[in-house]
Amino acid sequence: MPAARQSDASGYALSRKFRLAVVVMVLGVLWWFLLGVLERETRNAEARAANMVIGQLRSALVIKGAEVMLSRDGRLAEHRGINPFGLVEHQWGNYKGQCQAEQLAPATWCFRVKEQKETESGPKGWLIYKPGQPITIDSRRAIEGQPLVWEVTTEFADRNGNGMREQEERLTGLKLAPVSLTEEAAQTQDAQR
């Protein structure tokens, strides 16, 4: 009889260990699934936030363009390269102002000033966003840590549809256009430092 009790006790111990192993595996799978969902939702939140900022800046540029066109002495061409964050009164938590020499933190915006002529009024440059993870912003695929760049430029009535502005095609507003930060632009920035 004692041998039967001993075999029952070892069977119960083995059964408990098996149940514990199953529970740990199920919790591990659930944890792995939860981390995947959390990562995906974090990416979606960053993409939505960045696209919201782009949308609000574009709206502010439409309003500014209309104001310039309605004023008698305003010229749209003078507003190329302006900092669009200056048009919005909202204080953005992830906007760091002018880009500094140090590395830009992930999921933040800054404005990189380019070398300009003394006759120009106000700083001109590029809007830069450094994504914290791989996301899609403004229909552009962003790679983690690789900055995306935009510049304020003018829109025009493209009557012939060639995408190039001719002398007779008038300016119609301001827009935020994606650009790539070229070697020339990087050298211009380095010359300022």
Tensor-based shape of the range 38-136 (alpha-carbon gyration tensor, a/c under 1.5 rounded, otherwise prolate or oblate): oblate
If the viscosity is 0.890 mPa s and the temperature 25 °C, what Stokes-Einstein diffusion coefficient in µm²/s follows for the range 49-88 when Rh is the Kirkwood radius over Cα pairs? 229 µm²/s
Counting only protein heavy atoms with a 1.4 Å probe and every protein chain in place, the carbon and sulfur fraction of the accessible surface of the range 31-112 in whole percent equals 57 percent
Starting from 0.36 nm per residue, how many nanometres of slack lie between Glu67 and Glu89 once their C-alpha separation is accounted for? 6.3 nm
Rounded to the nearest whole number, the per residue volume of the convex hull around the C-alpha atoms of the range 9-83 in Å³ is 74 Å³
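What does the accessible area per residue of the range 53-152 come to in Å², with a 1.4 Å probe and no ligands, DNA or RNA counted? Write out the running numbers ahead of the final one.
Numbers: 5700 Å² over 100 residues.
With the other protein chains kept in place, the range 53-152 gives 57 Å² per residue.
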Could you give the length gained on full extension between Trp31 and Ser10, defined as 0.36 nm per residue of separation minus the Cα-Cα distance, in nm? 4.5 nm
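The values are calculated or read from the model by the stated rules, or taken from the named source; none is laboratory data. Just so we're clear, the structure is a prediction, and the values are computed from it rather than from any experiment. Note: areas computed on protein heavy atoms with side chains; ligands, DNA, RNA excluded. Shrake-Rupley method; radii C 1.70, N 1.55, O 1.52, S 1.80 Å.
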